[in-house]
2 protein chains.
Amino acid sequence: MKSKRLLIKNGLLITANHNMDVFRGDLLIEGGRIASLAPRIDDPEAEIVYADELLIVPGFVQTHVHLAQTLFRNSAEDLSLLGWLEKKIWPGEASHTPESLRLSAQLSIAEFFRSGTTTIMDIGIVKHAAVLFEVIAETGMRAISGKMLMDYGDGPEALIESGDAALQESIDLLEKWHGYDNGRIHYAFAPRFVLSCSEYLLKEIGLLAKKYGVGIHSHASENKSEVALVEERFKMSNIQVFEHLGLTEAPLRLAHCIWTDENDRRLMRANDIKVLHCPSANLKLGSGIAPIPDYLERGINVSLGADGAPCNNNLSIFTEMRLAALIQKGLHGPESMPAPTVFRLATIDGARALGLDEQIGSLEVGKKADLVFIKRNQVHSIPDENIYAKLIFSTNEADVLHVMVDGRWVMKERELLTINEEELVSKIKL
Amino acid sequence: MKSKRLLIKNGLLITANHNMDVFRGDLLIEGGRIASLAPRIDDPEAEIVYADELLIVPGFVQTHVHLAQTLFRNSAEDLSLLGWLEKKIWPGEASHTPESLRLSAQLSIAEFFRSGTTTIMDIGIVKHAAVLFEVIAETGMRAISGKMLMDYGDGPEALIESGDAALQESIDLLEKWHGYDNGRIHYAFAPRFVLSCSEYLLKEIGLLAKKYGVGIHSHASENKSEVALVEERFKMSNIQVFEHLGLTEAPLRLAHCIWTDENDRRLMRANDIKVLHCPSANLKLGSGIAPIPDYLERGINVSLGADGAPCNNNLSIFTEMRLAALIQKGLHGPESMPAPTVFRLATIDGARALGLDEQIGSLEVGKKADLVFIKRNQVHSIPDENIYAKLIFSTNEADVLHVMVDGRWVMKERELLTINEEELVSKIKL
């Protein structure tokens with residue numbers, strides 16, 4: 001596919017470019033990248049895909065996910081964060097074998113592709129993290145992942161490691177996978193959260209991320225009890241801890257950021273900390289509602305993620321987009337989170353959170369061909385005078401027809417091409 | 001179909017009966033009703049439908065919808081209730097022809113069936129309300145509807161009628177449609193809301209509903225500005241107005257009920273007022289979040305509805321169930337709205353709201369065969385140790401495979417059998 005040209009004809013192109021251009025037209029792909037897009041392109045030698053009844057959008061970006069947890073879907077209900085971790089999630093993660101972890105990652109990516117997500121940032125797992133990279137490589141997903149780091153606190157014995165050994169394992173994975181397949185896979189250091197890390201480990205992570213030129217991915221200020229424990233241990237807030245220990249020297253991406261104060265928000269803006277917003281998970285665990293309109297007004301970059309399947313319980317970007325809009329409208333009024341803003345959070349702003357906004361996140365010449373083709377004329381989504389309202393509020397994951405990453409089809413006519421879905425389901429269903 | 005027996009074999013039956021029984025088994029249908037259900041039923045003469053990989057649930061009940069508004073989907077964004085009505089919805093409703101209204105109702109019911117809703121209570125329209133009943137009759141939907149009543153206030157001229165003429169038209173429709181097709185269709189009086197009705201009209205509605213033994217369906221306490229206007233006009237609350245003018249003498253079903261005080265809630269309980277909860281619409285219009293856990297604790301009956309497509313923007317019960325759970329968990333903690341409770345709101349409690357709980361809302365012998373068959377083994381919804389978590393949080397509308405109302409298939413293998421979907425879409429798409 002990469003060696004020849006593919007011409008997409010007559011789709012409705014939702015570009016997510018700077019001007020938010022939307023137009024009916026053609027899009028030419030060559031060498032895995034968008035070679036041109038225009039109302040009409042003629043190329044007699046290109047293979048043609050007709051898209052008359054389709055919307056074409058940039059592949060969706062989810063900046064906070066847990067591949068390792070998908071196998072625990074529908075098994076951890078009605079719990080708050082810390083109880084949920086201690087009773088269900090930590091024991092589950094500790095019990096993973098390479099085989100069960102492989103299934104969990106495959107199941108996740110199958111669902112991501114089927115719902116139009118082409119790029120993820122995954123926060124990894126303590127043990128067997130190499131398996132996650134292998135599955136990402138095999139399936140064609142664009143991803144950042146990293147070994148999860150825990151060397152302190154209340155986690156189960158099997159998850160608490162020596163900091164130095166864990167860092168060495170991280171570096172080995174980084175050296176093997178960072179930049180793999182022409183930059184499709186990247187590495188990020190992944191301390192679980194402040195409460196599961198020693199000061200020594202956190203400091204070293206900051207130094208290593210800077211040295212290797214990679215980002216850091218963690219959780220922060222998700223839950224009031226967590227925030228209180230951090231304050232008790234450090235006499236400062238989550239955000240202050242990250243800054244104080246030097247982790248803001250590298251690109252720092254923090255999931256949740258619900259319970260932040262004015263000082264935290266100034267630090268977030270000053271250090272360009274990326275907020276990874278997970279609205280379903282935040283509601284389901286009773287954590288709260290992040291102050292997203294305030295972050296956006298301050299110029300803090302916000303993007304979206306489904307978080308883990310056991311606190312969602314699905315991984316669809318459509319669910320997260322809809323909820324990200326609705327919860328703010330309900331609290332702050334109907335103008336507080338317009339559909340086009342939410343569409344940007346799930347595309348170009350997600351790409352920016354990962355440092356990939358020159359590569360993906362919008363339909364523009366030179367960008368990688370990560371594309372999602374969406375059925376337009378469904379009884380549940382017509383009419384569609386406002387195309388962003390359609391995408392955010394009326395479209396669902398089953399409307400996704402084809403998906404392409406790096407110019408390669410990963411789903412065509414809703415059939416996954418890099419994962420054997422039938423075999424996968426047969427291994428997991430109860 | 002009604003004259004012979006149909007045997008559903010080996011499905012996972014989610015009964016929503018008093019004990020919330022869930023078991024793998026068979027279900028026999030005869031004369032449009034559930035004749036038996038048991039782990040194993042043998043009936044060599046019955047036609048058999050195999051359901052090995054399917055969940056079978058009672059047809060979902062949505063107690064507050066607007067068939068007339070579906071054609072205005074994706075056209076009224078970022079507005080609060082009163083501006084949304086004045087700028088978009090009232091002009092739209094006033095402009096309906098019988099033909100456009102027919103399309104709107106067909107589009108609604110196509111979407112309801114495709115997402116597993118088999119019973120609706122629709123709040124009608126001022127003009128051409130007979131068209132709604134005709135479409136309901138033709139499509140096989142189980143429904144309560146009524147001519148919408150407006151004789152007062154700020155609505156456009158075309159929607160404000162003489163009270164007596166409007167009541168006579170209501171009675172004519174009631175006499176024609178109430179009880180149609182063996183009770184599949186019922187009538188309810190439908191005053192839009194207190195602000196669009198004279199005291200005279202409201203009082204007469206109460207008297208007529210009592211006289212004819214039918215219910216009343218209205219909106220109340222959705223928005224703070226609306227509540228303030230009611231207080232200004234009547235020197236009492238919405239709920240008090242309904243009670244004071246005698247509308248609680250008939251079964252009274254009120255959409256929204258977000259902004260109620262202690263006295264209102266006591267009146268609601270004392271008069272068995274049914275709350276029709278519309279979480280998506282309440283958030284999207286910036287109205288607020290209804291105090292549902294408090295209502296449930298008081299023994300007030302709560303059920304769910306998608307409301308109108310222009311304030312949602314879809315009509316899926318799965319969207320409403322998920323949101324009904326999540327918004328309460330986010331505000332009141334993860335235990336505040338368990339999945340089985342939400343499943344009841346969308347099935348048996350919806351039936352109770354409509355006075356139909358002896359007929360529908362659960363899988364029990366003697367009840368009408370309103371059934372929904374849901375694909376179980378999808379990558380986005382496995383594993384499923386907790387089957388209610390699966391239904392509320394992981395399942396989506398596209399997982400609905402077959403739908404039956406009154407023992408008659410209205411959708412089989414996702415093909416609608418009473419609506420020509422292709423023709424319908426071709427008339428509506430832009």
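Separation of the range A:191-227 from the range B:61-135 is 51 Å, based on Cα centroids. Farthest toward the positive end of the dipole of the range A:60-353, out of A:Met236, A:Leu159, A:Thr118, is the Cα of A:Thr118, where the dipole comes from beta carbon charges about the Cα centre. Here chain B is treated with +1 on each Lys and Arg Cβ and -1 on each Asp and Glu Cβ, and its dipole about the Cα centre works out to around 440 debye. What is the antiparallel percent of DSSP beta bridges lying wholly in the protein assembly as shown, to the nearest 5? Roughly 45 percent of the beta bridges in the protein assembly as shown run antiparallel, per DSSP. For the pair the range B:341-420 and the range A:238-269, the centres of their Cα atoms are 45 angstrom apart. Structure note, pairs A:Lys427/B:Lys329; A:Lys284/B:Lys375; A:Lys127/A:Lys274; A:Lys367/B:Lys427: Cα-Cα distances above 28 angstrom occur for A:Lys427/B:Lys329; A:Lys367/B:Lys427. For the range B:342-430, the set of GluC sites (Glu not before Pro) satisfying both a DSSP loop assignment and a count of at most 14 other C-beta atoms within 10 Å is given as B:Glu358, B:Glu385, B:Glu413.
Each of A:Cys257, A:Leu371, A:Leu107 was placed along the dipole of chain A (beta-carbon charges, centred on the mean Cα), and the one lying farthest toward the positive end is A:Leu371. The ellipsoid that matches the Cα gyration tensor of the protein assembly as shown has semi-axes, each √(5λ) in whole angstrom, of 46, 29, 28, with the longest given first. Apply the a/c threshold of 1.5 to the C-alpha gyration tensor of the range B:181-275 and tell me whether it is rounded, prolate or oblate. The shape class here is prolate. Computed over chain A, the per-residue total of -39500 (n - 2.57) for DSSP H runs of n ≥ 4 gives a 222 nm mean residue ellipticity of -10000 deg cm²/dmol, rounded to 500.
Expressed to the nearest 5 percent, the antiparallel share of DSSP beta bridges inside chain A is 45 percent.
Classify the range B:85-226 as rounded, prolate or oblate from the Cα gyration tensor: take a ≥ b ≥ c as the square roots of its eigenvalues, call it rounded if a/c is under 1.5, otherwise prolate when a/b beats b/c and oblate if not. Note, shape of the range B:85-226 comes out oblate. A Cβ-based charge dipole, computed about the Cα centre of the protein assembly as shown with Lys and Arg at +1 and Asp and Glu at -1, lands at about 280 debye. Across peptide B:106-118, the mean count of Cβ atoms from other chains lying within 10 Å of each residue's own Cβ comes to 2.
PRE reach from A:His332 (point 7 Å along Cα→Cβ): which of the range A:211-225 fall under 20 Å by backbone N? Residues A:220-224 fall inside that zone. The GluC sites (Glu not before Pro) of the range A:40-97 that DSSP puts in a loop, and whose beta carbon has at most 13 other beta carbons within 10 Å, are A:Glu45. Among the trypsin sites (Lys or Arg not before Pro) in the range B:4-37, those placed in a DSSP loop whose Cβ has at most 12 other Cβ atoms within 10 Å are B:Lys4. With the charge dipole of chain B set up from +1 on Lys and Arg Cβ and -1 on Asp and Glu Cβ about the Cα centre, the Cα lying farthest toward the positive end among the listed residues B:Ile14, B:Leu195, B:Ser221 is that of B:Ile14.
For A:Val365, the point set 7 Å out from Cα toward Cβ sits 7.4 nm from its twins in the other copies, listed from shortest up.
For the range A:60-353, the square roots of the Cα gyration tensor eigenvalues, ordered a ≥ b ≥ c, give a/c below 1.5, which places it in the rounded category.
Note on the range A:6-129: with charges restricted to the Cβ of Lys and Arg (+1) and Asp and Glu (-1), its dipole about the Cα centre is near 440 debye. Largest GNM mean-square fluctuation across B:Val230, B:Val403, B:Val61, computed for chain B with C-alpha springs under 10 Å, falls on B:Val230.
Values in this text are rule-based calculations from the coordinates and carry no lab data. Treat the numbers as computed from the prediction; the structure is a model and nothing was measured. Using ideal geometry, Cβ is built from the backbone for each residue, glycine included, and neighbour counts are taken over all protein chains shown.
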